[in-house]
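Peer 1: Dumping the structure here so I can ask a few things about it.
Here, each number is a calculation from the coordinates, and none is a lab measurement. Everything numeric in this text was worked out from a predicted model, so none of it was measured. As a convention, Cβ positions derive from the backbone with ideal geometry for all residues, glycine included, and neighbour counts pool all protein chains shown.
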Amino acid sequence: MSGSAIIHAPLLDALLHRTEPIARESLTAAIGLRGMELLQELRRLADAGCVIEEHPQHGLTLLETGLGAWEDYLRWRCPLAAGEQPRRVEVYRTTGSTQDRARALVESLGRAAHGAVIVADEQTAGRGRLGRRWVAPPGKAVTFTMVNIAAPGDGRVSVDHHMFATAVAVARAAEAVTRPSPIDARIKWPNDVMCDGRKLAGILVETFSRSGNNGTPIHAAIIGVGVNVSVEPGDVSDPALRDRLTSLVILGHRVDRLRVLAGCVGHIGAALAASPHAELVAEWKRRCTIPSRRMEWESDGRRIHGHVIDLDPYDGLIVRTDSGATIHLPAATTTVIG
Amino acid sequence: MLDPKTLKELVKLMVANDLTELDLQDPQGERVTLKRNAVHHGQPVMHMVPAPAPVASVPSASAPAASEPAAPAADEGLVAIKSPMVGTFYTAAGPDAKAFVAVGSQVSADTTVCIIEAMKVFNEIKAETAGTIQKILVNNGQAVEFGQPLYLVKPG
């Protein structure tokens, strides 16, 4: 739907990765834009909604990126592999669910929807796992969906694989954007990224297949991610929910949402392309917190009590039940009761 | 029903006090909502909202007739869904995707009828009125202006 770039992505990148003001001369040295050219590009960023402050002594500070700059930046910062088409990026001010939009995109574009990223400033019908709702105040979280289509001949896509690869990727991205004093991002099986025992991000993976134009099947994973970026305790009215969530701001890191978004998209792409998986699995297990206490789950309508003895990215939880049996609880059908 | 003079006075008041929205309801259940965009000074947008439910005291014959001159479109009894911004109009979520609505589609206030892209941001536009789509006034991919009618809806 969109035409050519309206912003100068390297300029935005230079401003986005600065925590201190930068002088115009330093920007010129870094990206080659000078004088009127630089002024014009700064104006374009402002037109796209970016808030840039200039102090006569210190220089320029980017206070906030504008939604209008996100598409161009993301396409530039997170290109698809060589030989593939440019990444499709759609930024919505408000949409029902980015998952639904992504699915519609696969329906209409088929394989060309691979790598597409749908971002919403606000979601009115955001979904969580097992039909739960994802609620985030507008402007304070990054909510997006990324489409991953299996290469021809790769067979069906696995929810579990996408879930654990995405969880590792989001944890890596959260750490990367909080350097030089990175947060310690953990994974709570199966789909939450946690810090200090509270939820920082949630992941929802849906898969579906359809037949392509030439009759070959298209297997798509629709990966939904929500990261609490600048949510503060006062933004959440439900006290129970308030105690269970955290955000980068609560953790002491004020980071622009666009950086978090680009970080997640880049890391998810890399994690899904990683082979062999052994390293990814090892990192996932290292980040996963395995509770040692006795727990209760519901799986396929049954109540199960027992202890977790191990985790497997494909088989789910490996549990020793109270009756002494060892069973697997797959992520797709299991709810943690407590 | 409001006469043009009173209406003018109200708009003046809104501008003078920098109000963007005014919602009035008289004891007979007649309701008038006035909206103006703060950025576009002097361009009040007016929506006539039908009385929410039949109220016993409303003279049924005269009320609809009185509201006719204020109807936003020439087509009698139809309500226009207008563009809230300057941008590019799209009828569907993607190039080959099914259109959100077609002539004859039933819509509720919450139905998404189209997308308007402004500065590389997609804005889903809701019908904001319940009824049946009677006419699509703009072509897919066309540039639209602030306040430009996009669809005509037969309320009901």
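Peer 1: Quick check: Cα centre of segment B:86-103 to Cα centre of segment A:24-72, how many Å?
Peer 2: 34
Peer 1: How big is the dipole moment of segment A:150-279 about its Cα centre under a simple scheme where the beta carbon of each Lys and Arg is +1, that of each Asp and Glu is -1, and everything else is neutral? Debye, nearest 20, please.
Peer 2: With Lys and Arg at +1 and Asp and Glu at -1, about 120 debye.
Peer 1: Tell me, what is the FRET efficiency for residue B:142 and residue B:19 to the nearest 0.05, using R0 = 35 angstrom and their Cβ-Cβ distance as r?
Peer 2: That gives a FRET efficiency of 0.65.
Peer 1: How much FRET efficiency would the formula 1/(1 + (r/R0)^6) give for residue B:31 and residue B:112, where r is the Cβ-Cβ distance and R0 is 41 Å, rounded to 0.05? All intermediate terms of the calculation are to be shown ahead of the outcome.
Peer 2: Numbers: r = 25 Å, r/R0 = 0.61.
The calculated FRET efficiency here is 0.95.
Peer 1: Residues in segment B:86-124 near a label at residue A:213, defined as backbone nitrogen under 16 Å from the 7 Å Cα→Cβ point?
Peer 2: B:95-97
Peer 1: Go through A:189, B:103, A:304 and say which Cα lies farthest out towards the positive end of the charge dipole of the protein assembly as shown; charges sit on Cβ, +1 for Lys and Arg, -1 for Asp and Glu.
Peer 2: A:304
Peer 1: One-quarter of the Cα convex hull surface for segment A:216-263, in nm²?
Peer 2: Details: hull surface 21.1 nm².
With every direction weighted equally, the projected area is 5.3 nm².
Peer 1: Report the dimensions of segment B:75-155 along its three principal axes from the alpha-carbon atoms, largest first, rounded to Å.
Peer 2: Projected onto the principal axes, the Cα atoms of segment B:75-155 cover 34, 25, 20 Å.
Peer 1: Regarding segment A:17-169, what's the average projected area of the Cα-atom convex hull, expressed in nm²? Kindly include the intermediate steps, with their values, before the conclusion.
Peer 2: Numbers: hull surface 47.3 nm².
That works out to 11.8 nm².
Peer 1: By a straight-distance test (C-alpha under 24 Å), which lysines pair with residue A:285 as possible cross-link partners, with residues fewer than eight away in the same chain excluded?
Peer 2: Hits, sequence-local ones excluded: A:188, A:199.
Peer 1: Where the Cα atoms of segment A:175-312 are projected onto their three principal axes, how long is each span, largest first, in whole Å?
Peer 2: That gives 52, 42, 33 Å along the principal axes, largest extent first.
Peer 1: Where a Cα-Cα gap under 13 Å defines reach, which aspartates and glutamates qualify for residue B:98, not counting those fewer than 8 residues away within the same chain?
Peer 2: A:107
Peer 1: Continuing with this model, one more query. Taking 0.36 nm per intervening residue step and subtracting the Cα-Cα distance, what contour gain separates residue A:282 from residue A:29 on full extension?
Peer 2: Extending this stretch completely gives an extra 86.9 nm.
Peer 1: Quick one: grab the alpha carbon gyration tensor of segment B:115-154, order the square roots of its eigenvalues as a ≥ b ≥ c, and give me rounded if a/c is under 1.5, else prolate or oblate depending on whether a/b is larger than b/c. Walk me through the numbers on the way to the answer.
Peer 2: Values: a/c = 2.37, a/b = 1.64, b/c = 1.44.
The shape class here is prolate.
Peer 1: Could you give me D for chain A, from Stokes-Einstein at 4 °C and 1.567 mPa s, where the hydrodynamic radius is the Kirkwood radius over C-alpha pairs? Units µm² s⁻¹, please.
Peer 2: Translational D for this selection: 61 µm²/s.
Peer 1: Then there's this: About its Cα centre, how strong a charge dipole does the protein assembly as shown have in debye, to the nearest 20, once Lys and Arg get +1 and Asp and Glu get -1 at the Cβ?
Peer 2: Result for the protein assembly as shown is approximately 780 debye, rounded to the nearest 20.
Peer 1: To continue, here is another question. Taking only the C-alpha atoms, wrap a convex hull around segment A:83-216 and report its volume per residue in Å³ as a whole number. Can you show the working numbers first?
Peer 2: Details: hull volume 17.9 nm³, N = 134.
Convex hull of Cα atoms, per residue: 134 Å³.
Peer 1: Among all helices in chain A defined by DSSP H, which have a length of 20 Å or more along the axis from Cα atoms plus a Kyte-Doolittle mean of at least 0.0?
Peer 2: Span-like helices, by this rule, are A:159-176, A:257-273.
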